[in-house]
Amino acid sequence: METLLRRCQIRSQIVRECIAEFLGLYIAVLIGSGAAAQVVTSRGTHGNYLTIQLGSALGAVFGIFVARGVSGAHLNPVYSLSLCVLGRHPWKKLPLYSLSHLVGAFLGAATVYLQYYDAIQTFSGGELLVAGPNATAGIFCSYPADHLSFWGGLVDQVVATALFLLCCVALEDQRNGPLPDGLHPVLVGALILTMGVSMGSNCGFPLNPARDLGPRLFTFVAGWGEEVFKAGGGWWWVPIVAPFVGGLLGTVTYELLIEAHHQTTPQSPQQEQEAVELEEVVVDSGNNRRTILGSGFKGLNNTYSRTKANEILM
């Protein structure tokens, strides 16, 4: 079995990371949109608003668990951009990660549609609608509520994504106190659930441009047509652009108000020596290089550690 796995191993580090990002978001969309499809097509007899939010949160948790060991599980172009701004992720990987996210979200939506095809057709009477009592496009991507104005939606997305990224960066900050291994994905899921029950009524808190655009492109080609881009007065670009603005705002806010004010703890001579010995690169029998992180990475967050290791391997 080990021989088979070694033969199947992809040698390119960046390709491995992109596949992990693709699969992680694919799983998140499959579970999240699947929960929405179950509630909508059953007309609320098999779930409610809360179960949809639970599906979105748990989908993110398991998507992160799947991808975190290979790529760090960004699963969101906004998060990748924030790490690039902080110097914790190479800029050259940003477009590749973002494309992987987009494809994963597109195919995740396609799988949900295939799985719930009969239910969607029965619910909608065979007509794929974006608005109205039999609308099903909202299963896959966000649309504004009737009460929401354009500027209200823009503010909603900037504020929500700023809070989301601020909390994500805080979870990665080891000087807040290191988290037990495996708890981070659960807390991210809890954060998504918290935002869903507090900020979801305006437009469904998209937070993730790829998570919204990928399924929207799928619904466009699958039969919902141009209305997916025209609905809400051309709403579609708001959950694409506003999250980047909010994400950068949240990241900078945390860095300036919290990260910059951590107390600097003097290092002992032994700790300084450990910091010099950052890593040891070994070569396995398949001539595939892998990195064993040394004790010098203990003071850094996990994502940053993986990024530095990946840079050395490239």
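The values are calculated or read from the model by the stated rules, or taken from the named source; none is laboratory data. Being a predicted model, the structure only gives us computed values, none of them experimental. Reconstructed Cβ throughout: ideal geometry from the backbone, glycine too, with neighbour counts over all protein chains shown.
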#### Entry: Number of the exception - Y116 against (1) farther than 24 Å from G246 by Cα; (2) surrounded by 22 or more Cβ atoms within 10 Å (Cβ to Cβ)
(2)
## Note on the structure
When the stretch 130-141 is checked residue by residue, the ones that are more than 15 Å from V112 (Cβ to Cβ) and either in contact (Cβ under 8 Å) with a residue 60 or more places away in the chain or in contact with a helix residue (DSSP H, G or I) (Cβ under 6 Å, 6 or more places away or on another chain) (or both) are V130, A131, N134
### Query
Residues in the stretch 18-36: is at least one surrounded by 22 or more Cβ atoms within 10 Å (Cβ to Cβ) and of a type in the set (F, W, Y)?
yes
### Message
Can you tell me how many residues within the stretch 52-77 are buried (at least 24 other Cβ atoms within 10 Å of the Cβ), aliphatic (A, V, I, L, M) and in a helix (DSSP H, G or I)?
### Response
3
### Pair list, Cβ < 7 Å and 6+ apart or interchain, from the stretch 6-31 residues that are under 18 Å from F140 (Cβ atoms) to residues that are crowded, with 23+ Cβ neighbours inside 10 Å and β-branched (V, I, T)
L30/V112
## Note on the structure
Those residues of the stretch 115-159 which are assigned to a helix (DSSP H, G or I) and among the hydrophobic types (A, V, I, L, M, F, W, C) amount to A119, I120, F123, A137, I139, F150, W151, L154, V155, V158, V159
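Go through the residues of the stretch 141-148 one by one and say whether even a single one is closer than 18 Å to A28 by Cα and out of contact with any Leu (no Cβ under 9 Å at 6 or more places or on another chain).
yes
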### Task
Would you please name the residue that is modelled with the highest pLDDT, looking only at residues in the stretch 120-143 that are farther than 17 Å from G225 by Cα and surrounded by fewer than 16 Cβ atoms within 10 Å (Cβ to Cβ)?
T122
### Task
Give me a count of the residues in the stretch 157-179 that are farther than 17 Å from V238 by Cα and of a type in the set (V, I, T).
1
### Summary
Exactly one of G250, G204 is buried (at least 20 other Cβ atoms within 10 Å of the Cβ) and either without any contact (Cβ under 8 Å) to a residue 12 or more places away in the chain or outside any helix (DSSP H, G or I) (or both), and that one is G204
### Message
Please go through the stretch 88-114 and give me each residue that is within 14 Å of A222 (Cα to Cα) and touching a residue at least 12 places away in the same chain (Cβ under 8 Å), ordered by number.
### Response
F106, L107, G108, A109, A110, T111, V112, Y113
